[in-house]
Structure formats: structure tokens, C-alpha cells
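To start, the structure under review is shown below, and the notes come after it.
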Amino acid sequence: MEPATERDQRGQTRAAAPLTRVPRATLPDAAEVAARLAAAAEAVRGARLTVESLDAFFGAAHVVRDVSIEFFERNVTAIIGPSGCGKSTLLRCLNRMHETIPGARVSGNVLFEGQDIYTRGINPAALRRHIGMVFQRPTPFPTMSIRDNVAAGLRVLPGGGPPKAEADGIVERALRRAALWDEVKDRLRQSALGISGGQQQRLCIARALATDPDILLLDEPTASLDPLSTQKVEELVYELRSEITVVIVTHNMQQAARVSDRTAFMLAGELIEVTPTSQLFTTPSDKRTEAYITGRFG
């Protein structure tokens, strides 16, 4: 459903402002205009997930430092940065996967639709129905068929999940959304290990989509894939922006440029800047960002 603010803005009629002569020196340049338009579009979409002063630890190691960021509705945000900068840890904090590691802890707030997901009484398993995650390496369940892999996430739904006929329809829809249905529709009862690595990764994406999440987290989803499979996953990510919020961690800056609306740069656990992707790669505001994207380190 589109935000009411977006509908109101499209339908609203405003009186034209009186014409005035603007001195040439005050006219914004093209980059500034693009940044203003992108910011306006983000405001219309609205933040679906808000991170406020987040810190994450592994024991005494402080790996995410005072990060605040918003993730917008129907928007793809890429998180880039060198290895060990905390980007994957930040991603895992967004659906409480970080705390599954012994000795790991967080402080700060992560607000999903206005509610802090770390509030006492929040069920992490139920939360992950709304904020799904796909990991770097394909993780199909080895003892399950292709169909049962996709349907596995439905078991966490209230009442143990839908009846079989309804579940079959959900499985088909998820596989279609993951652009995998035509490739596996005649092999649904076969082992998920019998398909290629790229297909396995799209199967894992289908499994995450089966619960109809509001947000999808992707942790370097193409790192272990060949170029053709990488292209298919990128096309899928690009298409999903029309339906849900996507956050993707990637080492590949070209990939971030291809699939994302906004890009965040992290360094040594800190969020250095987050801005519309085209602006970050052409006119970054921080010298450290410029040094990274031009290859001077990383």
C-alpha cells in the first residue's frame, strides 16, 4: 500500500509562487538538485526500519559504533566497506541474529514500524517473519526437497502454518518472485542439493519471501556465485524494490551502484555516510569515502 503522504502529494493542487528573478550565483548545480529530489523521494516513502545509536559487541570487541540510519519503504539500501568494518554485524542486528552468537550483545534501538525490536517480550522468531535474511553462502536444508525448503519458513506462522494446498500456492508464488519457478517446477520433490549454487541461493531467497516479509536482509548474497547467477540475483533484487524494503551488504561497489537506491559506507565500525547511490559514487561528502571508492584502501 502506498503511503498516504505520497497520494496526498500527487493529488494536491498548489498555487503557483510568484515569479522572481534569481541571481545566477544562487542557482543549485545538477548534483545538488539530484540530491534534493532523492531526499524528497525518500521522505515520501517513509522509514520502515530506524536504527538509533546502535552499538554491537562480540565480548569486549566493539564492532559497531553508535550507528544511526533509516531504511526506507520500497527502497534498496546497499552497505559497503572494507572487510571487518562491521557491515555484516549491523545487518544481523536488524533482525536479532547477532544475539544468537555466544558473548554477543547490542545497545541502542532498532525500530520496526515504530516499535523497538529489542523490547522485552518481542519474539525473535516471530520478528524474522517480517524481517527475513539470506546469508552469504546458500543454505538449503539438505534433507528437504525443493518444495519443503521453501515451505519450511511457514512452520513458524500461527497455528503451525497453512494447510498443504494453501502452502503449495505460497511456495509457487515465492519461487516465482525469486525467478526460480520455471527452472524447478518439475523438480519440486527432488533434493535441494541437486540444483546449482545460484539456484540454491535463489531458493534461499524464495524461502525468506514465503513468509511475505516487509524487509529482506541480504548478506553478500552473490559472493560465492558465478557471473550469470550473480546477474539473476541482482535482477531479482532490483525487481523486489517495488514490493519490499531491501538491505544488501556487498563488497562489490559496482553491484551497489547497479541495484541500490541509497548506499551507506562503513569504516572501523562507524557509519561514515549514507546518501543516494549516485551521489555517493560521484560526489561523496567524506574524504574517507572518496579514498575507499577510488581504491586507495580496502
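Odds and ends about this structure:
- 13 Å reach of a label modelled at residue 286, 7 Å along Cα-to-Cβ, counting backbone N of the stretch 244-272: 263-272
- Stretched out straight at 0.36 nm per residue, the stretch from residue 228 to residue 66 would grow longer than its current Cα-Cα span by 54.5 nm.
- Fraction of beta bridges assigned by DSSP in the stretch 155-298 that are antiparallel (%, nearest 5): 55
- Virtual spin-label span in nm between residue 144 and residue 235, 7 Å along Cα→Cβ: 2.7
- Net charge contributed by nearby residues that have their C-beta within less than 14 Å of residue 266 (K/R +1, D/E -1): -2
- Put simply, the amide H of residue 48, placed in the peptide plane, has neighbours under 5 Å in 71, 72, 73, leaving out anything fewer than 5 places away on its chain.
- In sequence order, the stretch 90-95 has phi-based couplings of 4, 4, 5, 6, 6, 9 Hz under the Karplus curve 6.51 cos²θ - 1.76 cosθ + 1.60, θ = phi - 60°, and Gly or Pro positions carry x.
- Cleavage-rule hits, trypsin sites (Lys or Arg not before Pro), the stretch 163-227, DSSP coil, Cβ neighbours within 10 Å at most 11: 189
- Probe 1.4 Å, protein heavy atoms only - accessible area per residue of the stretch 42-121 in square angstrom: 40
- Lysines whose Cα lies under 22 Å from that of residue 232, excluding same-chain neighbours fewer than 8 positions away: 185
- A simple packing score, the average count of other Cβ atoms within 10 Å per residue, orders the peptides 95-105, 263-273 as 263-273, 95-105, with the highest score first.
- Expressed as a whole percent, the accessible area of the stretch 179-298 that falls on carbon and sulfur atoms is 48 (1.4 Å probe).
- Global form of the stretch 138-288, assessed from the alpha-carbon gyration tensor, a/c cut-off 1.5: prolate
- The gain in end-to-end length when the residue 107 to residue 179 segment is fully stretched comes to 22.1 nm, 0.36 nm per residue minus the alpha carbon separation.
- Heavy-atom accessible surface of the stretch 169-268, averaged per residue, reaches 39 Å², computed with a 1.4 Å probe.
- Taking label points 7 Å from Cα along the Cα-to-Cβ direction, residue 172 and residue 296 give a separation of 5.6 nm.
- Computed lengthening from residue 52 to residue 164, 0.36 nm per intervening residue step minus Cα-Cα distance: 36.2 nm
- Residue 254 versus residue 136: modelled label distance in nm, points set 7 Å from Cα along the beta carbon direction: 2.0
The values are calculated or read from the model by the stated rules, or taken from the named source; none is laboratory data. For clarity, every value in this text was computed on a predicted model and none was experimentally measured. Heads up, the Cβs are rebuilt from the backbone with ideal geometry, glycines too, and the neighbour counts pull from every protein chain shown. Accessible surface areas use protein heavy atoms only, side chains included; no ligands, DNA or RNA. Shrake-Rupley method; radii C 1.70, N 1.55, O 1.52, S 1.80 Å.
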